[in-house]
1. Which shape class applies to segment 107-202: rounded if a/c is under 1.5, otherwise prolate when a/b exceeds b/c and oblate if not, where a ≥ b ≥ c are the square roots of the Cα gyration tensor eigenvalues?
2. Cross-link candidates for LYS157: which aspartates and glutamates have Cα within less than 20 Å, leaving aside residues fewer than 8 places away along the same chain?
3. Tell me whether segment 1-71 comes out rounded, prolate or oblate; compute the Cα gyration tensor, take square roots of the eigenvalues as a ≥ b ≥ c, and use a/c under 1.5 as the rounded threshold.
4. Seen from all sides and averaged, what is the projected area of the convex hull of the Cα atoms in segment 54-112, in nm²?
5. Filter the chain for me: DSSP H helices, axial length by Cα at least 18 angstrom, mean Kyte-Doolittle hydropathy not below -1.0. List them by residue number.
6. Quick one: which residues, 5+ away or cross-chain, put their amide H under 5 Å from the amide H of GLN39? H built at 1.01 Å from N.
7. Using the Cα centre as the reference, give the magnitude of the dipole from point charges on the C-beta atoms of the chain (Lys, Arg: +1; Asp, Glu: -1; all else neutral), rounded to the nearest 20 debye.
8. Can you list the HN-Hα couplings for segment 46-53, worked out from phi with the Karplus curve (6.51, -1.76, 1.60; θ = phi - 60°), rounded to whole Hz and with x for Gly and Pro?
Amino acid sequence: MAASIQIFGHSFVSRLKSFLRNEPHLHFNLNLTSLPLVQYSGYSGAKVETLRRNFTDITDFAPDIVVLLIGTNDLCQPDVDHVSVSAAILDLIDSLLFLGNVKRVICCQILHRRPSHSTHHHVDTTWFNNRVDETNYILSTNIQALPHGRATFWRLKGFWSPEAQSQVFALDGVHLSVMGQKKLYSNIRAAVVATLNNGLEI
């Protein structure tokens, strides 16, 4: 039986779902030959608490694998420090595994933002990107140390060099361009394939 997969997070998830509707060569099932059932559950402006409020999406679908894209909107809040955001994400991972009965959780690396003239998403990018780096370090270190080995920190590839960033981000410096959407899709697919190849029993 093919694995069931739920992509759970902020607006990157809903925007990816919308993007795939118009991409005939990229399918919702991540172009996997096993034809898994893949659910896209994304919420505009979502923080960790938003995902907690929508936890029934997990229990109703009962996925084998959850791909988590979260943290960006939490880190925009100046009154919340990166240590608290990291702890909230780690606690959500525990909830997914032990309350939601998910077999594996893939926590995707939080992306930087680019400077932009947009006022809607305005945030000091140097301040924000430093917080992202600190949070990613905490998440990577702590997830790697988990004794059960059922969670993975996935480093997103193709988003970090200045050349790549000029191509993968939309003009607002926050959301993704067409190329960025394709790279996100490829990363999620690679993360799921790696998890399935790592002995996931379903």
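The numbers here are math on the coordinates, done by the rules we state, and not lab data. Values in this document were obtained by computation on a predicted structure and should not be read as measured data. Positions of Cβ are generated from backbone atoms using ideal geometry, with glycine treated the same way; all protein chains shown enter the neighbour counts.
1. Oblate, because a/c is 1.5 or more while a/b does not exceed b/c.
2. Hits, sequence-local ones excluded: ASP133, GLU134.
3. In terms of gyration-tensor shape, oblate.
4. 4.2 nm²
5. Qualifying helices: 82-98, 125-144, 178-197.
6. Amide H neighbours of GLN39, under 5 Å, 5+ apart: ILE5, GLN6, ILE7.
7. 540 debye
8. Each residue of segment 46-53 in turn: 5, 10, 4, 4, 4, 5, 4, 5 Hz.
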